[in-house]
Amino acid sequence: MAKKLKTLRCPTCKTIVLAGGEDFPFCSDRCRRIDLGKWASGGYVISSSIHDPELLDELEGLRDRGRSSSGPGSGDGE
């Protein structure tokens, strides 16, 4: 039985790429850099809800601190 080559499509340009390629999973360094640029510029976003109670408490504390330290009536006495 012949061994099946594993392939994937380049995430950037959709060209078929062999699994053992130098730039895998991309077809070239150019496509790899385009993808990196999208991550760096905020073109890709990973979003999910937060389920860790400690992290939720910390984020709420930061948000509350931001509200109380800015704007009129911030409590600095001047």
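The values are calculated or read from the model by the stated rules, or taken from the named source; none is laboratory data. Computed from a prediction, not measured in an experiment: that's the story for all the values here. When we count neighbours, we look across all protein chains shown, and the Cβ atoms used for this are built from the backbone with ideal geometry, even at glycine.
Odds and ends about this structure:
- From the options D29, D76, D35, D23, residue that is modelled with pLDDT under 85 and charged (D, E, K, R): D76
- For segment 19-29, filtering for residues that are surrounded by 12 or more Cβ atoms within 10 Å (Cβ to Cβ) and not in a loop (DSSP other than H, G, I, E, B) leaves 0.
- Of all residues making up segment 38-54, the number that are of a type in the set (S, T, N, Q) and within 18 Å of C13 (Cα to Cα): 0
- Cβ-Cβ distances below 9 Å connect the following pairs, each with a first residue in segment 14-26 that is within 21 Å of G37 (Cα to Cα), a second residue that is in a loop (DSSP other than H, G, I, E, B) and modelled with pLDDT under 90, and a separation of six or more residues or different chains: V17/D23; P25/A19.
- Scanning segment 38-73 for residues that are part of a loop (DSSP other than H, G, I, E, B) and at pLDDT 85 or above yields S41, G42, G43.
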